[in-house]
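Notes follow once the structure below has been shown.
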Amino acid sequence: MSPQPDLRIDIERLLARLIELSDIGGIDGTTGCSRLAFTDADKAGRDLVVTWMTDLGLDITIDGIGNVVGVWRPESMPAGARDLAPVMTGSHIDTVATGGRYDGNLGVLAGIEVIETLATAGFVPARPLAVAFFSNEEGARFAPDMMGSLVYVGGMGLEQAHRTDGIDGAVVGDELDRIGYLGPSPCPGLVPHAFVELHIEQGPVLAEEGLDIGVVESVQGISWTEVTIEGQSNHAGTTPMRLRHDAGYVAAAVATFVRALADELGHPQVGTVGMIDLHPNLVNVVAATATITVDLRNTDNEILTRAEKRLQAELDRLAPAEGVTISTRSLARFDPVVFDAGVVELVESAARAAGATTMRMPSGAGHDAQMMSRICPTAMIFTPSHKGISHNPAEHTDPEHLAMGADTLLRVMTTLAGDRQTAS
Ligand code: GLV
Ligand code: MN
Ligand code: MN
């Protein structure tokens, strides 16, 4: 049965779930939340979402990295159809420590909402539909980001993922076990027929252009490097400047260099030093060690590689100049990704059929969809982010845009399942 062209998701139900989930790890005085991967708050969020999946009668599996997949096979589905590869949607429910309500959560809860809308309407898809939440998309506690989806598609072995140390000394495998999400399902996981992820843009473009939906064609490449600088602590009052081996100074010089480099390479190159850890971190002591992170991104892999080489050359220059030792460790390196042209086109026509104005765009943020695109036709749907703010508790998207995004997702999923010839 084809869905009625005017079948719409229930925005009040979607909003209620977004709010209930963001109350877990809620940050006082804001609508944001803090649910770093594999923490107690992440576990509580997972448990709630699994309850909603269970209530919908989804077949739920949990794999060895804690990815949760819920497959909807309505009882009246013909036997042959039940075994077909599902059309999958999903995203993540872990957040950065200062996260908003929508990043990742929207994609997961909209997937649940789409299935509930279709089930309530008595719709039986031509193949199963699935909604997933992937572990540790943020990478803020354990690098790399998109760890769960990377393992899901076979891009990282389970053992290696389990051994990963976090910024707080915790280890992924131990934490997964502790929170009860070290599941039995195999990785790599079930290969979907296609994958589509709804996500907030997390940038200013759609809001500035006054448009409703972003049709995401690509994701920029990501390079994360941890830089450790070892100098010598000494007295801040007595040590002449010429005799210093100041790890704090070098950390600051790298941060300044990264900004200048991004400015010089120009848009879309971006560069961020988001973490600086100084020791002993005291007012009157020259810092002995500094550990910093450098996040470089570009849609053009050649320019990204050039930026990485320029960073290394600057580190090679700074080390002897200040008499410090500098070592580096790659935390994440993902090439830019181009999504499937057919699914991108489908997102565009579905968004327009849902009444949205659209533009095609790349994604500046990393997403689980970029991993899923390694194994099946994939694309993404963006909704506008108020003032372009994200990774911030103030993150906001208007309900009408959330609804348009979820309505678009419904149309794309049912069309991909083969229930319509066109999205409109
Ligand atoms: C992950 O969400 C990233 O883009 O940093
Ligand atoms: Mn996200
Ligand atoms: Mn994020």
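The values are calculated or read from the model by the stated rules, or taken from the named source; none is laboratory data. As the structure is a computational prediction, the values presented were derived from the model and not from experiment. Here the Cβ positions follow ideal geometry from the backbone for every residue, glycine too, while neighbour counts run over all protein chains shown. Only protein heavy atoms, including side chains, enter the accessible area calculation; ligands, DNA and RNA are left aside. Shrake-Rupley method; radii C 1.70, N 1.55, O 1.52, S 1.80 Å.
Data overview
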| quantity | calculated |
| --- | --- |
| Filtered residue count, the range 161-180, keeping only those that are assigned to a loop (DSSP other than H, G, I, E, B) and crowded, with 22+ Cβ neighbours inside 10 Å | 0 |
| Of residues in the range 202-228 being open to solvent by less than 10 Å² (accessible area, probe 1.4 Å) and hydrophobic (A, V, I, L, M, F, W, C), the one farthest from ligand 2 (Cβ to nearest atom) | 227 |
| All positions within the range 365-401 that are within 15 Å of ligand 1 (Cβ to nearest atom) and surrounded by fewer than 19 Cβ atoms within 10 Å (Cβ to Cβ) | 388, 389, 391, 392 |
| Helices (runs of 4 or more DSSP H) fully within the range 319-420 counting 1 or more residues that are within 16 Å of ligand 3 (Cβ to nearest atom) and under 18 Å from the mean Cα position of the chain (by Cα) | 368-372 |
| Any hit, the range 288-298, residues being in a loop (DSSP other than H, G, I, E, B) and over 27 Å from residue 217 (Cβ atoms) | yes |
| Selection from the range 128-179 of residues that are touching a residue at least 60 places away in the same chain (Cβ under 8 Å) and either among the hydroxyl-bearing types (Ser, Thr, Tyr) or assigned by TED's automatic domain parsing to the domain that holds residue 292 (or both) | 135, 149, 152 |
| Qualifying residue in the range 146-156 (condition: within 16 Å of ligand 1 (Cβ to nearest atom), in a loop (DSSP other than H, G, I, E, B), open to solvent by less than 10 Å² (accessible area, probe 1.4 Å) and modelled with pLDDT of 95 or more) | yes |
| Pick from the range 90-126, criterion open to solvent by 40 Å² or more (accessible area, probe 1.4 Å) and hydrophobic (A, V, I, L, M, F, W, C), ranking: farthest from ligand 2 (Cβ to nearest atom) | 126 |
| Single condition residue 183 does not satisfy, out of (1) assigned to a loop (DSSP other than H, G, I, E, B); (2) out of contact with any Gly (no Cβ under 7 Å at 6 or more places or on another chain); (3) farther than 28 Å from residue 418 by Cβ | (2) |
| Some residue of the range 37-48 being in contact with a Cys (Cβ under 9 Å, 6 or more places away or on another chain), hydroxyl-bearing (Ser, Thr, Tyr) and over 21 Å from residue 410 (Cβ atoms) | no |
| Selected residue [open to solvent by 10 Å² or more (accessible area, probe 1.4 Å), over 30 Å from residue 171 (Cβ atoms), assigned by TED's automatic domain parsing to the domain that holds residue 365 and in contact (Cβ under 8 Å) with a residue 60 or more places away in the chain] from 17, 82 | 17 |
| Strands (runs of 3 or more DSSP E) enclosed by the range 1-103 - at least 3 residues per element that are out of contact with any Phe, Trp or Tyr (no Cβ under 7 Å at 6 or more places or on another chain) | 59-62, 68-72 |
| Residue 237, sole failed condition from (1) buried (at least 16 other Cβ atoms within 10 Å of the Cβ); (2) outside any helix (DSSP H, G or I) | (1) |
| Filter result for the condition that a residue is within 27 Å of residue 163 (Cα to Cα), hydrophobic (A, V, I, L, M, F, W, C) and buried (at least 18 other Cβ atoms within 10 Å of the Cβ), over 87, 68, 50 | 68 |
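One line per residue, one yes/no per condition, for (1) among the hydroxyl-bearing types (Ser, Thr, Tyr); (2) assigned by TED's automatic domain parsing to the domain that holds residue 411; (3) modelled with pLDDT of 95 or more; (4) under 30 Å from residue 237 (Cα atoms):
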position	(1), (2), (3), (4)
269	no, no, yes, no
296	no, no, yes, no
322	no, no, yes, yes
344	no, yes, yes, no
351	no, yes, yes, no
357	yes, yes, yes, no
364	no, yes, yes, no
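Each row is one residue, and each column tells you yes or no for (1) in the same structural domain as residue 283 (by TED's automatic domain parsing); (2) part of a helix (DSSP H, G or I); (3) charged (D, E, K, R); (4) away from ligand 3 (no atom under 16 Å from the Cβ).
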| residue | (1), (2), (3), (4) |
| --- | --- |
| 192 | no, no, no, yes |
| 199 | no, no, no, no |
| 203 | no, no, no, no |
| 207 | no, yes, no, yes |
| 211 | no, no, no, yes |
| 225 | yes, no, no, yes |
| 232 | yes, no, no, yes |
| 245 | yes, no, no, yes |
| 249 | yes, yes, no, yes |
